[in-house]
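Chemist: Here it is: the structure, laid out below.
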Amino acid sequence: MESKMVDVMLHIDERTSSDQRDGLRDRLLQLDSVMAADYRDNQPHLIIVEYNPDQIASQRLVEVARENGYHAELVGM
């Protein structure tokens, strides 16, 4: 069975350092259905996450950000 993967953009409201973004990225990558998570230093408020929507709801990604002290929302791509 082939995995269905999609990308979603997560917007973080706070100003974050590279270390903080690395930490959040690492927490997202700990989720079983997340295959990739990345950000660019020139767009520090955005994290792109690749995940399997059949295994996890996109809202869970927002919850992980909020559990780590950030205000976050999904952005349509």
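Chemist: Looking only at the range 32-46, which residues have a backbone nitrogen under 12 Å from a spot 7 Å from the Cα of R15 in the C-beta direction?
Modeler: Hits in the range 32-46 for R15 at 12 Å: none.
Chemist: May I ask you to give the solvent-accessible area per residue for the chain, in square angstrom, as obtained with a 1.4 angstrom probe?
Modeler: Working: 4950 Å² over 77 residues.
So the chain comes to 64 Å² accessible per residue, rounded to a whole number.
Chemist: Which trypsin sites (Lys or Arg not before Pro) in the range 1-66 pass both tests, a DSSP loop state and at most 15 other beta-carbon atoms within 10 Å?
Modeler: K4, R15
Chemist: Of all the stretches in the chain, which is the longest one without any exposed loop site, taking GluC sites (Glu not before Pro) in a DSSP loop (any state but H, G, I, E, B) with at most 12 other Cβ atoms within 10 Å? Mind dumping the intermediate values first?
Modeler: On the way: sites that count: E2, E14.
Excluding the exposed sites themselves, the longest stretch runs over 15-77.
Chemist: For helix 58-67, report the angle its Cα long axis makes with the longest principal axis of the Cα atoms of the chain; keep it between 0 and 90° and round to the nearest 10°.
Modeler: 30 degrees
Chemist: What's the Cα-based Rg to Rh of the chain, Rh via Kirkwood?
Modeler: Details: Rg = 11.7 Å, Rh = 12.4 Å.
My calculation of the ratio gives 0.95.
Chemist: Once phi is turned into θ = phi - 60°, what whole-Hz ³J(HN,Hα) does the Karplus curve with 6.51, -1.76 and 1.60 give for every residue of the range 25-33, x standing for Gly and Pro?
Modeler: Whole-Hz 3J(HN,Hα) from phi for the range 25-33: 4, 5, 5, 5, 5, 6, 6, 4, 8.
The values are calculated or read from the model by the stated rules, or taken from the named source; none is laboratory data. Because the structure is a prediction, the values reported are computed rather than measured. Glycine gets a Cβ as well: all are built from the backbone with ideal geometry, and neighbour counts include every protein chain shown. Ligands, DNA and RNA are stripped out before the accessible areas are found, and what is left, the full protein with its side chains, is counted by its heavy atoms. Shrake-Rupley method; radii C 1.70, N 1.55, O 1.52, S 1.80 Å.
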